[in-house]
Amino acid sequence: MIASLNGIVKRYDSKLVLDYIDLDINEGQIIGLLGPNGAGKSTLIRCLTGMETVNQGNVTLFGDGKKPFQNKNKEKIGLVTQEISIFPELTAQENANFFAGIYGLKGEVRKRRVAEALAFVGLAEHTKGRAQNFSGGMQRRLNIACSLVHDPKFLIMDEPTVGIDPQSRNHILQAVKKLQRNGTTILYTTHYMEEVETIASEVVILDKGQIITRGTVQDLIRNIQHEERIKVEVSHPEEVSLESIQALPDVKQVIKDGNQILVVSSANSGHLDRILTIIKEDSGVVGINVEKANLEDVFLTLTGRTLRDGGSA
Amino acid sequence: MMRVLRTIPYTVIRMSRDYITLLLLLVVPIILITIFYFVLGDLKNQYGDPAFYDTAQLMTLVFQLFGGSIVIAHIQDDLFSPRRQRLMVAPMSRPFYALSISLCGMLYSIFLGFLLFLFTGIGLKVEWGNGFWVMYIIGLLAVLSSLVSLILIFAVKNFKLAERLSEVYGIGCIVLAGLFFPIPDYTVITFINEYLNPLLLAANAIGYAQSNLFPDAYIYMIRLGVGIVITFIIVFVLGRRKI
Amino acid sequence: MRVYERYFRFVIFWRIAQLLILAHLWLISTAGFEAIVFILLLLIVMSIRIRFSIPKWSFLIEIVLCIVFIPYFPFALYGLAIAIFEAALVGKWWLIFPMTIFMIAYPAFDITLIWYSLLTVLVGSFTYQSMKERKQLEKTLDKERKEKHELEQIKMELLEAYFEVEKAAELKERNRISRELHDHLGHDLTGALLAIQAYEQVENENQAHSLLEQVKIRLSRSTTRLRNTVHNLTPVTYIGVDRLQRIVADSEPLLIEFQYNGNVDNVSSQYWLMLEACLKEAITNVSKYSNATKTKVELDITETLVRLKIHDNGTITQKSVNGSGLRSLQLRARMLKGSFTIDRQNGYLLVCVLPIQRRGK
Amino acid sequence: MTVFHFVLKRSIANKTSLLILFLFPVVAIFLPSGEYWPHLPYGYQYFGIFILFISLKLSGLILEDRMRGIAKKVSIAPISHFSYLAQNLLAYFSILILQCLILVYGGVLVGKELYQPFWLFILFITFSMASIAFALMWISFFRNKEISMLIFMSIISVIALIGGVLIPIELLPEILQKIAIMLPTFWLAWGIDWVVFGGELKEFLLVNGMLILYMFLFLITGSVKKLH
């Protein structure tokens, strides 16, 4: 067990930010922590790292529930912050050296680790460059390298990809996967569900300070989905009998829009075949589009809101 | 032109909400002058006037030297920061906009000077002589300081450095005027103080006018004016390239 | 600890005010720099007090300081008020008595000092009391919350037990029916069948008649039995989706639209109870607090989950206290490994999702 | 000592800071002396104000760390808050020691009349400590480096005036003289007077003791603020 949160309650004044959070993080996982802005993701991380004291519950790090935040445990944790927390006036190498230093690395080991970490994020050629001259993506990568110099067993990444170009983002995601293969456990916070879908071995969805669900991406998408949408493009829309489609069990809505017919039905109804049969009787089918479910739908099912801005769907 | 005019109210609002500047250029001088008022009390200078008058006048003028910081802070914000692009695409004449900001800054600085003038003149009973003449000279000094600051921001790439240099200009003038410690009588320094140091030029222009020695006062005023013309030409040339 | 912050702020304010009073006394006195040393030391003790948690008896430090400095700075007597305040703040307000005696015994005594000390001790003990109460309150709240948590757990266990009992009852009923059918109905019907078969073979008129009579009796007895058996089975309450519809119908003045999709047989009675509770809660909320004109209730049942969504078009958002009803629903949903969320951003929106485990019935 | 090392590195990272840090003491050596007052050459008299400014400028690094989220990272690293602050302050302190050394030793070399250079040096050192602590407290009130500096400037100009650094304290009205005793600069001015006129060692100890008391006060209040 890398870390576990047990019945964590965190209040800021009278506002409840974390509400009985139970979370176990096992070795070798990439846990994607997903949730809209203000769901309590950052607070969860602050409680997990000891930056914030909790009102109730306890944190266990590396099996140590008594003094989870002693230096022995802190040495095994890395944090990639949301903001770019590096020194712009220092070079990439000096930055990495600084953070290696405060994690107690010395001499040859430090040199080696710094070089490795910089190479890992693809900054090997820029070790002597000042951070202030780097592009946004490079700064992000350096930010990550600085959290990796001490070879943490447990890496916490708090929205590491905010505001960077797709290329750098891919680079970072690849790096995260590589880290997992090397045995690092990763807690990855984001409000981009695509990222979680690509890398996470397990997803934890947080909303209003509560864990509303957790599981593998596939399981969640397969099990937590309450409706599916089938779009059929037809050649003769006017001849299609919408009534007979509507009459199928579990069909909620049939909408005709130009030469497109949208059928909304309960999830896993297995209607595709039947709908096609009905339509084919009256008209030719030009194209079919079955909207693939994603984590956004999972969130929608669970809360009735969208993930991006938490607004009503 | 109309469009630029429409921005002026907002420039004024922004300036008046810059409380730090207000603190530095109005509250601090008021406190300092008040302290001097108590310290110097009835002390007389070599001409038999209260020594406090000279100090109060000089202090009021000293803070005009830093008035340029208002102008350059706004110029930097609007014309050399990310906001620049927004202005680049706006259908508005940028030089005029820069001019309007500069004028607003200068007027604001003069206004602060006016408040200080009122405070010292009415509150602390300092004799200034002819009020119009004093305000005229304060205005000239404020304009000159703003122009110098503008030269710095146009000539130096780094804004921080330009800001520091404008402080150096202000403090340099004070040091050369011998307010911190007596300045030795080197010819170079005497020359600078007689012809170039705007602080002393303004102080002399006010001082001579007070003693009714208007020809002398005019000479110093003209030196200030020449300074303004020269710096304005430099600002014009540099500004055309940069804006 | 953030809850106490308001009190801390007040305490700090009072401490500073006391120091300011001392500073003022120093300004009007003729004392020299010793007074400044004194005030500075008090200030340091105060900042240590704020920064670190130090033992309760630490007000002794102030007493010692005051006594030491009184010879140099007579007004240091007033510094004793600080000690009194700190003592009162840890509940030792009785210290005012020995100190008052000391003050009165001291030559430079004046009545203002007594007033000042009295005021201080009042403020101090008041703060002490309210902080204590606050702590107590917090403790009770936490305890209550915990108890509620446990209570919900027990409730869930009870529900689970109820579910089991329900299954057992069902089984018992089935046994009863089968026994009834087998023992009596079956017996009679078989008897009747045999009698009819025999009747076809028999030629004797009398014998045939008695056989027919026998069949009649058996059949009529069977009919009664059947009626009795069936009568015992008739459900007393509605359950499932009917129940939800009934609730919606009962909330007449409100305009509620109810629709459901999927196979309602997939949902266990335990879940129905939960869904029913959600619906009731939402309707109460809508009728009490919302200015909504239309409410939509959707129930989706798929192979893997049940989802109840209640959404109204109200615009009141400020009423966002999660009442105890909601709280317990939340906990219940969590116990069932489902989720329950409320949102008031855009109308009142309640979503309850429960997973369906395929359990062998 | 990584933090210490890097704080040093950062504070002299660019040429402007290097210039400000070490050119000024050199210039200060050569400033003229006053006629009646101050008793030491102007450079030495004004050095206290300079120390205040430099402390604030240096401790701006902590504020930067807070603004950039580096403090967050430090707080989860196996290094204590105390150690982080201590190493920072130690780094500032060593820079200030160097400056004091340049000023005093340089003055002796050039042949300025410093009366008791060693004690003057000690006085500057204690004042530096109090001033660094003050800067630490000051920045804990602010989130923005520039604003903290600007407000500091206005406060310092007043403190310097009534604290006996810019004008002799005896000239002030009585009430201001009393208030001045509360300011650390008053004790600096007193210390300078002691260095010039001599006196009992006890008096000098008192001056330094007061400055050290101030240091403790400011350190405790300044360290209240959490790292992030």
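A few points about this structure:
- Degrees between helix A:136-148 axis and first principal axis of chain A (Cα, 0 to 90, nearest 10): 60 degrees
- Per-residue mean of C-beta atoms belonging to partner chains within 10 Å, peptide A:297-306: 5
- Nitroxide proxy distance, nm - points 7 Å out along Cα→Cβ at residue A:181 and residue C:293: 6.1 nm
- Fewest neighbouring Cβ atoms within 10 Å first, the residues D:30, B:63, C:10 line up as D:30, C:10, B:63.
- Simple spin-label estimate for residue A:282 and residue C:122 in nanometres, 7 Å along Cα-Cβ: 8.7 nm
- Taken one residue at a time, the phi angles of region C:337-352 give Karplus couplings (6.51, -1.76, 1.60, θ = phi - 60°) of 6, x, 9, 9, 10, 10, 9, 10, 4, 9, x, 7, 10, 10, 10, 10 Hz. Gly and Pro are set to x.
- If you plug the beta carbon distance of residue B:103 and residue A:306 into 1/(1 + (r/R0)^6) with R0 = 60 Å, you get a FRET efficiency near 0.75.
- Rounded if a/c under 1.5, otherwise prolate or oblate - region D:128-228, Cα gyration tensor axes: oblate
- Greater than 25 Å apart at Cα, pairs in A:252/A:280; A:15/C:92; A:106/D:73: A:15/C:92
- Taking 0.36 nm per residue of sequence separation and removing the Cα-Cα distance, the residue C:242/residue C:224 pair yields an extension gain of 3.4 nm.
- Nearest-ten-degree value, helix D:47-68 long axis tilted from longest Cα axis of chain D: 10 degrees
- Shielding of A:221-228 by partner chains, average beta-carbon count, 10 Å: 5
- Shielding by partners, peptide D:71-84 (average Cβ within 10 angstrom, other chains): 6
- Applying a threshold of 30 Å to the alpha-carbon distances of A:111/A:153; A:128/A:178; C:337/D:226 flags C:337/D:226 as lying beyond it.
- Helix-only [θ]222 nm of chain C, DSSP H runs n ≥ 4, -39500 (n - 2.57) each, per residue, nearest 500: -22500 deg cm²/dmol
- Under 9 Å, Cβ to Cβ, from residue A:252 - net charge with Lys/Arg +1 and Asp/Glu -1: -4
- In degrees, nearest ten, helix C:269-289 long axis to first principal axis of chain C (Cα): 50 degrees
- Full extension of the segment from residue D:144 to residue D:86, taken as 0.36 nm per residue of separation minus the current Cα-Cα distance, would add 18.7 nm.
- Its alpha carbons considered, the protein assembly as shown gives a radius of gyration followed by a Dmax of 41.4, 164 Å.
- This ranking places A:140, C:49, C:327 by how few other beta-carbon atoms lie within 10 Å of each, fewest first, which gives C:327, C:49, A:140.
- For chain C, modelled as a GNM whose springs connect Cα atoms under 10 angstrom apart, the maximal fluctuation among C:331, C:185, C:141 occurs at C:185.
- Choice from B:89, B:126, B:12 showing the highest fluctuation, given a GNM over chain B with Cα pairs closer than 10 Å: B:89
- Environment charge at residue D:40 (Cβ cut-off 14 Å; Lys +1, Arg +1, Asp -1, Glu -1): -2
- Between residue A:213 and A:205, the built amide H atoms are under 5 Å apart, and every one of these is 5 or more places off in sequence or on another chain.
- Of the DSSP H helices in chain B, those with a Cα length along their own long axis of 30 Å or more and a mean Kyte-Doolittle hydropathy reaching 1.6 comprise B:94-118, B:131-155.
- Put in line by how crowded their Cβ is, counting other Cβ atoms within 10 Å and starting with the fewest, A:150, A:171 read A:171, A:150.
- Our note on the geometry: Cα centres of region C:27-66 and region B:68-109, 53 Å apart.
- A Gaussian network model of chain C, with springs between Cα atoms under 10 Å, assigns the largest mean-square fluctuation among C:339, C:210, C:29 to C:210.
- Fraction of beta bridges assigned by DSSP in the protein assembly as shown that are antiparallel (%, nearest 5): 70 percent
- Low-density loop positions, trypsin sites (Lys or Arg not before Pro), region B:135-243 - DSSP coil, at most 13 other Cβ in 10 Å: B:157
Values in this text are rule-based calculations from the coordinates and carry no lab data. Owing to the predicted nature of the structure, the values given are computational and were not obtained by experimental measurement. Cβ: placed from backbone, ideal geometry, glycine included. Neighbour counts: every protein chain shown.
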